[in-house]
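So the structure is just underneath, and the comments pick up after that.
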Amino acid sequence: MTVERSADVSSAALGTQPRSVACQCRNASVDLGSRAGPRRILGDINFDLHEGEFVAILGRSGSGKTTLLRVLGGLVDPTPESVVTFHGRPVAGPPQDVVFVFQNYAASLLPWRTVHNNVALGLEGKVPVAVKRARISESLATVGLEARAADYPWQLSGGMQQRVQLARSLAMRPRGLLMDEPFGSLDAMTKASLQDQLQQVHQHTGATIAFVTHDIDEAVFLSDRILVLDGSPATIAHEIPVELPRPRDQLATKELPEFLRLRRQVYDAIVETGD
Amino acid sequence: MTTLGVGPADAASPVEPGERRRTTPARGTRTGSLPPLRGLLPLVVFLASWQLVASRLSPFFPPPSDWASALLDLSRSGVLLPAAFATVITFLLGLVAASVLGTVLGLAVGASARTDRALQPTLEYARAMPPAAVVPIATLLLGFTGTMKVVVVTSAAIWSILLNTRSGVRQLNPVMFEMARSLQLGRFERVRKVTFPALLPSIFLGVRVAAPVALVITLLVEILTQVDGVGALIAQSQRNYEFAQGYGLILVAGLFALLVNALVSMLQARVMRHRPPA
Ligand SMILES: Nc1ncnc2c1ncn2[C@@H]1O[C@H](COP(=O)(O)OP(=O)(O)OP(=O)(O)O)[C@@H](O)[C@H]1O
Ligand SMILES: [Mg+2]
């Protein structure tokens, strides 16, 4: 795997000096229509995502995690007074350099395109053919699927399909990834291996990642910071920094006292908000 | 009219989702969509026994050998080929127009729940309109012309394509489009690379039903209006008591229907080649 933007990345990833803000969310609210008229789903959300930061978003089912991520990805419009920017530009429609990764990988891949051509989708007509080819094989290699390039997505297992979606996102060379429970429907072993791959991708590309999950262990294991959503309308009820050493290891990291403490803290935060 | 029955019988049968599986040789390149020729055996047996039983003297039931010579005469007099050409052109133009218009309108109707609900009664009404009832209006507006024929055929064949496309649109997963937007695909690119290919199976389900309808209506409008074509010849032979010629023409039309069916099936199988076998 080639390393991109390694110079500015490593300093950002190490987090020693103050990082620049990648994404800004100020007084962000969202109204969504229900049968009884519009309902406020998110109310007054405030936070920043820093360049190269990995932020996990937790909360109970229906608390508005997906909605928040969709706002960042320009797929849902917040209320007019909300200020949401990505890389300094106001979000109106999906921002450049930011790719959304869907939980429903099956629906997000085009069944009539091969794995290779699915990964090509966002590059076609935008980069020279040779560059496109190189990027596709590179990102497929990153997720370990170069041997399946000629297959169709429906010939792959669920975990492989999610890796194709990840490869397609990586081929875009995104500065930001918005991931909505990407490993939510996968078995524990597949999940662990994808977490490791994602961690490597994060370290090598220095992308800013917002990651929605239900899984507390996953959130603590992967992230630099955890946001807990709660309330109706939802706000950020808790913000928990995660200062575990990187790179993290599925066994060693999860045995650290700090990991166990954080896990406990996050759990308490979620349970407490529910009362 | 036994052979012509191939068309309408097929058109009347509802197209279940399972239909796709049957015509999808996704696991192999077998051209399994071609109907086996031995399926024509009953027809052959029927014609052969007709040939044996028929009396040379019956004007109403001439034996098939007479049909052939009547067709040959017709062909020698230079009438058959232009008629066949007119029929095939009308059929093709009508089917292509129905496919294009049906797809576009189906997309437009299905894309918004509001237009869909608003147009539902009108669509049901228009679909129930028998093509034979459209013919007088069409001749009034367009005269006894080739355009009139194509318009009638299109108006009859469009419905299965329009309605299948519409329900196809409604079943598309919005995630597909959000994904495309997130990957910075433009509006036109999304239609070309996502919407249209995603709808192709639905469109083809509609075309499969529409093709035999288009052929039957082509012949019908020719029989009713006498404007060119094989249908006009059939009507003429009946009027002139040329029964051998009439039967022969009907047999030829039936065989053409079989050919059209086989071609559409092959095209559909080709389109569906790389789709999941579900
Ligand atoms: N398109 C929509 N129209 C109206 N209401 C919606 C829409 N999408 C979501 N909601 C509502 O917004 C709230 C938050 O939904 P959201 O999907 O963001 O929750 P979530 O935290 O992602 O839940 P889960 O963990 O189950 O995925 C829910 O009450 C839901 O009913
Ligand atoms: Mg969700």
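Here, each number is a calculation from the coordinates, and none is a lab measurement. Please read these numbers as outputs of a predicted model, since none were measured by experiment. Cβ atoms come from the backbone with ideal geometry, glycine included; neighbour counts cover every protein chain shown.
Table for the structure above
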{"item": "Subset of segment B:172-192 that is part of a helix (DSSP H, G or I), in contact (Cβ under 8 Å) with a residue 12 or more places away in the chain and more than 7 Å from every other protein chain (Cβ to nearest Cβ) - its residue that is surrounded by the most Cβ atoms within 10 Å (Cβ to Cβ)", "result": "B:Ala180"}
{"item": "Qualifying residue in segment B:230-250 (condition: under 20 Å from B:Ala98 (Cα atoms) and in a helix (DSSP H, G or I))", "result": "no"}
{"item": "Meets criteria (touching a residue at least 40 places away in the same chain (Cβ under 8 Å) and either surrounded by 24 or more Cβ atoms within 10 Å (Cβ to Cβ) or under 17 Å from B:Arg127 (Cα atoms) (or both)) for B:Gly229", "result": "yes"}
{"item": "Unmet requirement for B:Thr218, which otherwise passes all of (1) surrounded by 24 or more Cβ atoms within 10 Å (Cβ to Cβ); (2) hydroxyl-bearing (Ser, Thr, Tyr); (3) closer than 30 Å to A:Pro111 by Cβ", "result": "(3)"}
{"item": "Failed item, numbered, when A:Gly88 is tested on (1) facing chain B (nearest Cβ under 8 Å); (2) without any contact (Cβ under 8 Å) to a residue 60 or more places away in the chain; (3) of a type outside the set (A, V, I, L, M)", "result": "(1)"}
{"item": "Segment A:56-96, residues that are touching an Asp or Glu at 6+ places or on another chain (Cβ under 9 Å), within 13 Å of ligand 2 (Cβ to nearest atom) and among the polar types (S, T, N, Q)", "result": "A:Ser63, A:Thr66"}
{"item": "Residue within segment A:222-232 that is of a type outside the set (Gly, Ala, Ser), more than 16 Å from ligand 2 (Cβ to nearest atom), within 30 Å of A:Gly43 (Cβ to Cβ) and not in a strand (DSSP E or B) present", "result": "yes"}
{"item": "Residue match in segment A:148-160 (condition: polar (S, T, N, Q) and not in a loop (DSSP other than H, G, I, E, B))", "result": "yes"}
{"item": "Candidate set from segment A:104-120 (those that are under 17 Å from the mean Cα position of the chain (by Cα) and facing chain B (nearest Cβ under 9 Å)); member that is farthest from B:Pro201 (Cα to Cα)", "result": "A:Asn104"}
{"item": "Scan of segment B:69-86 for residues that are surrounded by fewer than 13 Cβ atoms within 10 Å (Cβ to Cβ) and not polar (S, T, N, Q), ordered by number", "result": "B:Leu72, B:Arg76, B:Gly78, B:Leu81, B:Pro82"}
{"item": "Boolean, A:Met179 is within 16 Å of ligand 1 (Cβ to nearest atom) and either closer than 26 Å to A:His87 by Cα or assigned to a helix (DSSP H, G or I) (or both)", "result": "yes"}
{"item": "Residue match in segment A:157-173 (condition: within 8 Å of chain B (Cβ to nearest Cβ) and within 16 Å of ligand 1 (Cβ to nearest atom))", "result": "no"}
{"item": "B:Asn164 without any contact (Cβ under 8 Å) to a residue 12 or more places away in the chain and either within 14 Å of chain A (Cβ to nearest Cβ) or within 13 Å of B:Ile203 (Cα to Cα) (or both)", "result": "no"}
{"item": "Lone qualifier among B:Glu189, B:Glu242, B:Glu222, B:Glu178 - being under 19 Å from the mean Cα position of the chain (by Cα) and of a type in the set (Asp, Glu)", "result": "B:Glu222"}
{"item": "Segment A:54-77 residues that are without any contact (Cβ under 8 Å) to a residue 24 or more places away in the chain and within 28 Å of A:Leu244 (Cα to Cα), paired with ones that are in a loop (DSSP other than H, G, I, E, B) and away from ligand 2 (no atom under 13 Å from the Cβ) (beta carbon under 6 Å, 6 or more apart)", "result": "none"}
{"item": "Failed item in (1) closer than 22 Å to B:Glu178 by Cα; (2) more than 18 Å from the chain's Cα centre (by Cα), with A:His87 passing the rest", "result": "(2)"}
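Residue by residue, here is whether (1) within 16 Å of ligand 1 (Cβ to nearest atom); (2) assigned to a strand (DSSP E or B); (3) more than 21 Å from A:Gln161 (Cα to Cα) holds:
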position: A:Asp48; (1), (2), (3): no, yes, yes
position: A:Leu69; (1), (2), (3): yes, no, yes
position: A:Gly93; (1), (2), (3): no, no, yes
position: A:Gln96; (1), (2), (3): no, no, yes
position: A:Gln103; (1), (2), (3): yes, no, no
position: A:Lys126; (1), (2), (3): no, no, yes
position: A:Arg133; (1), (2), (3): no, no, no
